[in-house]
1. In whole Å, what three semi-axes, largest first, describe the equivalent ellipsoid of the stretch 19-62 built from its Cα gyration tensor (square root of 5 times each eigenvalue)?
2. How large is ³J(HN,Hα), in whole Hz, for each residue of the stretch 32-37 in order, when computed from phi with the Karplus curve 6.51 cos²θ - 1.76 cosθ + 1.60 and θ = phi - 60°, using x for Gly and Pro?
3. Can you compute the label reach from Ala29? Point 7 Å from Cα along the Cβ direction, backbone N cut-off under 13 Å, restricted to the stretch 46-61.
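Just so you know, all these numbers are worked out from the coordinates, no wet-lab data involved. Because the structure is predicted, anything quoted here is derived from the model rather than measured. Note: ideal-geometry Cβ built from the backbone for every residue, glycine included; neighbour counts use all protein chains shown.
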Amino acid sequence: MANNFKNYFLKNAGTTAANAYVGPAATQATIIGMTIGNTTASPISCNVTVVSGGTTYYKQYDWFSEAPLA
């Protein structure tokens, strides 16, 4: 089976839910890696939700950063 690799970026996501990627119908997608950065001087939380076959998978991340990323 052929593979098509894609990169998706979601900048300045804010505090409301936003879709970074929505696959077309009848398409299988695999997440190989994900990078999330904190560009503020304050701690942040990030929630990642993946929906597959009607099942929702949820993960919450909490970062405590002493300095923002440059």
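1. 26, 12, 8
2. 8, x, 8, 10, 10, x
3. The answer is 49-53.
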